[in-house]
Every structure is written in structure tokens, then in C-alpha cells.
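Engineer: Here it is, the structure in full.
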Amino acid sequence: MINESMTASSQDLMKLEDKYGAHNYHPLPVVLSRGEGVFVWDVEGKKYYDFLSAYSAVNQGHCHPRIVNKMKEQAETLCLTSRAFYNDYLGKYEKYITEYFGFDKVLPMNTGAEGVETAIKICRKWGYEVKGIENGKAKIIVCGENFHGRTVTIISFSSDPDAKGHFGPYTPGFVSIEYDNLEALEAELKADAQNIAGFLVEPIQGEAGVYVPADDFLLKAADLCKKHNVLFIADEIQSGIARTGSLLAVCGNCSCENRCEQQATYAKPDILILGKALSGGAYPVSAVLANKEIMDVIQPGQHGSTYGGNPLACAVAMEAMKVVADENLAQNARKLGNIFRERMEVLVQKSDLATLVRGRGLLNAVVINDSPDSKTAWNICLELAENGLLAKPTHGNIIRFAPPLVMTEDQLHECCDIIEKTILGFSK
Ligand SMILES: *Cc1c(COP(=O)(O)O)cnc(C)c1O
């Protein structure tokens, strides 16, 4: 028998999860018990570079001391009041985050999926009350191979049979187009402009396998939306907060540290959804940002969350954003991302197994030369773990590489050495 205070082996702990937990994940067989910066350790004390960063929630690195201290301090002071009352952190946080990202208003939630649900609700309500769509007729355009979370409404417009199968009946009101296809977007907008309320898109499709759209896709999509009086909604839950080498992926290929309000490359969303690294991995915090004309469609009683906007979340998120700015994480992600892809290009030349590297900043993927349902990428990830680096396949034979953004150049080179050695030494 195992109780909480005993030290158990990885094997024992995996068995516990297997026996008592729902099997809704298929983890790599590694049991982690500690993290610091770019490193995590398993219960046997083996040290790994983390190249998943909890799906880009830990951009600031594991247990960032500033975020953890702020969290401790606030946890001892006040955690949760609910929104039945005001609290002394929420207003300050709202001012900070709206100025940081350049929007009038924010609606605070907890998880990413809730942020997406919130954006959908705001968009539909705007469609009826501002655009004048006939009640019940609003449509939102989405993209094939999207990942926006796990609620019934969100999986209703997923194209992944695992995510969607046997969870119906599905929520209507969504039309899907091919990702990165402006003609398809324009055709759909023209076909039913009066009923289309929004276009929901990931600026880079992370879960699908790190698909980066054409350079002009987001800007032109935003223009098309404006032309047809349709809200351009960016889900930056994974791509945002410095991950891709700019504060937001919608900033485009721009090297400035902040949001690129003044830049011609900035495809400004009407609604911006953030989550994951908004709290540096310390606590679930998500946020939906928009300007007044849009956000004001939501009135008291129409949407909310018991934990949304609680003082602990506000303290953690505000500190996490300050860390991103103070430590120049966008710049570091940009610099290291260029080095990573250069190194992987060399590997692709040398290896029959690695066929392609793509990505932006420190959100990258290497495509493995085997059928999507083979175990090759999984087995390479087992070998990478053996060699001290944790990464996970996404959608078949694609391995995503997304370390915390606090990595140094020397560390990155060491990691590239591990990846190179592993892939070159791998035989199926
Ligand atoms: C992770 C993710 C979500 C869902 O966030 P959860 O916190 O897991 O609900 C939504 N959209 C994108 C792009 C994501 O990467």
C-alpha cells in the first residue's frame, strides 16, 4: 500500500494512476516530482530538459521564484471572494493586462476552454445585438484541424474524431474552412455575410503539429473580417505570451518586445483569448480581451465564473506578465528559435528519419518520416527521455519542441546535441 507521505517508485505511481484515474491521457512513462527553470526531475532523481513546457504554460520556467513568491504572499492574504464582492486585486490586474495587450477591457476566466467559450458567447451576443443578426442564426467560421479545448461546444467544431466521436449531439452554428486558406475564408464570408458573427483562429496551429500560416494570412484575414463586419478572434492560448518570439503571434514577424500596435505587421484581433503561460504554469488563469463596443454586450448575470478574477489568480498572472517583460522572453525565444531551426535543418540534411522542421520562436516541430499511425515518433520520444530530454509527439509522427523561454543559448545547444544524437542513433 502507498500513502501520501511514502516515497514510491515511478512504477508504483504509474500503476496508481492507471488503476484509479480515468484513462483520458496517454503519458510518456516518466513520473515528475520537481521542476526548476528549464529542468524537471523524476522521482528517482533523473534530470530532464522539459521540451513541452506543459503545452506552453510554463514559458517563464518551472517554479519561477518571483511568481511563486507572489503566489505565496497572496495565498496567505486572500484567495477567493467570488465576484459577489469586489476584491482589491482585480481592478489593478485588469488595468495592467488591458494596457499590456492594448484593449479596453478584459473578462477573467480560469482555463483556456472557458476563455474560448467566453469568446464564442461574446461574439454571438455581439452578432445579435450590434450586427443585427436574426436571433438563433449566428455563425462562427473556424478552421480544420483546430484545437480550442474540450467542452461540448468546442469539440462540436473539431475535426479530430477522437476529440469529437460519441460526444454528440453537437452545438450548431459553426462552419469550418481549411486553415491558411484566404480564398476559402472570403468565399464563406461572401456566401453568408449577414449571419456570420466571427472568425475564430489559432495564429499558429500548435496541437495540429505546429502549422505556421503564410506570412500575410492573419493580416489579410483580419482585413476580410473587418470588410464583412465580422469579429476576428485569435486563440493565442498556446501561441501567445512570447512563445513565438513576439508578445503575440498576431504581432507577425516583428522583433519588438511589446504588442505591435504601431507595426504594419500587427493583425489586431477584435477578441483575444489568452491562457496557459498567462500564469507561468502556477495556477489556471485565462482571459478574454476586447474593446468596449464588443465587451459591453455582456451585462451582469449573463456570464461568469466563481474562480474567475480571484485575487490569487490576479496576483500570479500580473507577476507572470512582468517576468515576461523584465526577462525579455520574447527576444530570447526569437533568438533561440532561429538557432534551434538552424540546428535542426542540419539534422534534416543528415538524417532519413527527420524530414522537416517548422515553427516560429520556440514553438517548433520536427516531422518524422513514417506513417502517422506508426509508433516511431513515440519511440524516439522514449529515447529522448532516456537521454535527458522530454518531448511528446502530436498528431502522428510530429514531435513538438517547446522548451521554457528562460533557456540559455548554451543549454539550447546541449539540447540540440541530445536531439541530434538520439535521432541519428535511432533505428526502428
Ligand atoms: C491548450 C489550448 C486550449 C485549451 O486550454 P485548456 O486550459 O486546456 O482548457 C485552447 N486553445 C489552444 C490553442 C490551446 O493550445
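The values are calculated or read from the model by the stated rules, or taken from the named source; none is laboratory data. Predicted model, so just to flag it, every value in this text is computed and none were measured. Here the Cβ positions follow ideal geometry from the backbone for every residue, glycine too, while neighbour counts run over all protein chains shown. When the accessible area is computed, the model is the full protein with side chains, heavy atoms only, and any ligands, DNA or RNA have been set aside. Shrake-Rupley method; radii C 1.70, N 1.55, O 1.52, S 1.80 Å.
Engineer: Using a 1.4 Å probe and counting only protein heavy atoms, arrange Thr77, Thr171 so the residue with the most accessible area comes first.
Structural biologist: Listed by decreasing accessible area, they come as Thr77, Thr171.
Engineer: What residues from region 160-200 fall in the zone where the backbone N is under 14 Å from a label point 7 Å along the Cα-to-C-beta line of Ala214?
Structural biologist: In region 160-200, the label zone of Ala214 (backbone N under 14 Å from the point 7 Å along Cα→Cβ) covers 178-187.
Engineer: Could you go through region 171-178 in sequence order and give the Karplus-derived ³J(HN,Hα) for each residue, using 6.51 cos²θ - 1.76 cosθ + 1.60 with θ = phi - 60°, rounded to whole Hz, and x for Gly and Pro?
Structural biologist: 6, x, x, 10, 10, 10, 10, 5
Engineer: Further question on the same structure: Classify region 359-408 as rounded, prolate or oblate, taking a ≥ b ≥ c as the square roots of the eigenvalues of its Cα gyration tensor: rounded when a/c is under 1.5, otherwise prolate if a/b is larger than b/c and oblate if not.
Structural biologist: The shape class here is oblate.
Engineer: Right, here's the next one. Cα centroids of region 88-102 and region 188-228: how far apart, whole angstrom?
Structural biologist: 28 Å
Engineer: Whole number in Å², please: accessible area per residue of the chain, 1.4 Å probe, ligands, DNA and RNA not counted.
Structural biologist: Per residue, the chain has 45 Å² of solvent-accessible surface.
Engineer: Let me spell out the model: positive unit charges on the Cβ of Lys and Arg, negative unit charges on the Cβ of Asp and Glu, origin at the Cα centre of the chain. What dipole size does that give, in debye rounded to 20?
Structural biologist: That gives a dipole near 560 debye.
Engineer: Among Ala113, Ala287, Ala317, which one shows the highest mean-square fluctuation when the chain is modelled as a Gaussian network with alpha-carbon springs under 10 Å?
Structural biologist: Ala113
Engineer: Also, I was wondering about something else. How far, in nm, would the chain grow between Glu73 and Asp104 when pulled straight, counting 0.36 nm per residue and subtracting the alpha carbon separation?
Structural biologist: Here the answer is 8.3 nm.
Engineer: Express in Å², to the nearest 10, the accessible area of Val324 obtained by rolling a 1.4 Å probe over the protein heavy atoms while all chains stay in place.
Structural biologist: We get 10 Å² for Val324.
Engineer: For each pair in Lys95/Lys276; Lys226/Lys335; Lys268/Lys350; Lys227/Lys335; Lys322/Lys375, compute the distance between the two Cα atoms and list the pairs where it is over 30 Å.
Structural biologist: Lys226/Lys335; Lys268/Lys350; Lys227/Lys335; Lys322/Lys375
Engineer: Not counting the cut sites, what is the longest span of the chain without GluC sites (Glu not before Pro) that DSSP labels loop and that have at most 15 other Cβ atoms within 10 Å?
Structural biologist: 262-428
Engineer: Leaving out ligands, DNA and RNA but keeping every protein chain, what accessible area does Lys164 have, in Å² rounded to the nearest 10, with a 1.4 Å probe?
Structural biologist: Lys164 has an accessible surface of roughly 50 Å² with all protein chains in place.
Engineer: Rounded to whole Hz and in sequence order, give me ³J(HN,Hα) for region 238-249 from the Karplus expression 6.51 cos²θ - 1.76 cosθ + 1.60, θ = phi - 60°, writing x for Gly and Pro.
Structural biologist: For region 238-249, the Karplus-derived couplings read 9, 7, x, 6, 6, 3, 9, x, 9, 4, 10, 5 Hz, x marking Gly and Pro.
Engineer: Also, I was wondering about something else. Determine the percent antiparallel among the DSSP beta bridges restricted to the chain, to the nearest 5.
Structural biologist: 65 percent
Engineer: For the chain, find the longest principal axis of its Cα atoms and tell me its angle to the long axis of helix 376-386, 0 to 90°, nearest 10.
Structural biologist: Approximately 60 degrees, to the nearest ten.
Engineer: Quick one: if you stick a label point 7 Å off each Cα along the C-beta vector at Leu382 and Ser10, how many nm between them?
Structural biologist: It works out to 1.2 nm between the two label points.
Engineer: In terms of the Cα gyration tensor, with a ≥ b ≥ c the square roots of its eigenvalues, is region 93-218 rounded because a/c is under 1.5, prolate because a/b exceeds b/c, or oblate?
Structural biologist: Rounded is the answer for region 93-218, as its axis ratio a/c remains below 1.5.
Engineer: Sticking with this structure for a sec: Work out from phi, with θ = phi - 60° and the Karplus expression 6.51 cos²θ - 1.76 cosθ + 1.60, the ³J(HN,Hα) of each residue of region 351-361, listed in order in whole Hz, and give x for Gly and Pro.
Structural biologist: Karplus-based 3J(HN,Hα) across region 351-361 equals 10, 7, 8, 8, 9, 6, 10, 8, x, 9, x Hz.
Engineer: List residues of region 114-143, by number, whose backbone nitrogen lies under 17 Å from a label position 7 Å along Cα→C-beta of Arg150.
Structural biologist: Under 17 Å, as judged by backbone N against the label point of Arg150, lie 114-117 of region 114-143.
Engineer: Continuing with this model, one more query. Report the extension gain between Thr306 and Asp373 in nm, rounded to one decimal, defined as 0.36 nm multiplied by the number of residues separating them, less their alpha carbon distance.
Structural biologist: Value of the extension gain: 20.0 nm.
Engineer: Same structure again: Give me the three principal axis extents of region 65-326 from the C-alpha atoms, as integers in angstrom, largest value leading.
Structural biologist: Taking the Cα atoms of region 65-326, the three principal extents are 55, 41, 37 Å.
Engineer: Label-point separation (nm) for Ala163 and His23, each offset 7 Å from Cα along Cα-to-Cβ?
Structural biologist: For Ala163 paired with His23, the spin-label model returns 2.3 nm.
Engineer: Can you pull out the chymotrypsin sites (Phe, Trp or Tyr not before Pro) in region 148-193 whose DSSP state is coil and whose Cβ has at most 15 other Cβ atoms within 10 Å?
Structural biologist: Phe167, Tyr170
Engineer: Under 5 Å between amide hydrogens, which residues at least 5 positions from Leu389 or on another chain qualify, with H placed 1.01 Å from N in the peptide plane?
Structural biologist: Residues meeting the criterion, in which the H sits 1.01 Å from N, are Tyr49.
Engineer: Take Tyr211, Tyr266, Tyr283 and sort them by solvent-accessible surface of the protein heavy atoms, 1.4 Å probe, largest at the top.
Structural biologist: I get Tyr211, Tyr283, Tyr266, largest accessible area first.
Engineer: What spacing in nm lies between the two simple spin-label points modelled at Lys95 and Ala264, each 7 Å away from Cα in the Cβ direction?
Structural biologist: 3.7 nm
Engineer: Ignoring ligands, DNA and RNA, what percent of the accessible area of region 65-326 is carbon or sulfur (1.4 Å)?
Structural biologist: The value for region 65-326 is 51 percent carbon and sulfur by accessible area.
Engineer: Another question about this same structure. What do you get for the angle between helix 311-326 and the principal long axis of the chain? Use alpha-carbon atoms, 0 to 90 degrees, nearest ten.
Structural biologist: For 311-326 against the chain, the angle is about 70 degrees.
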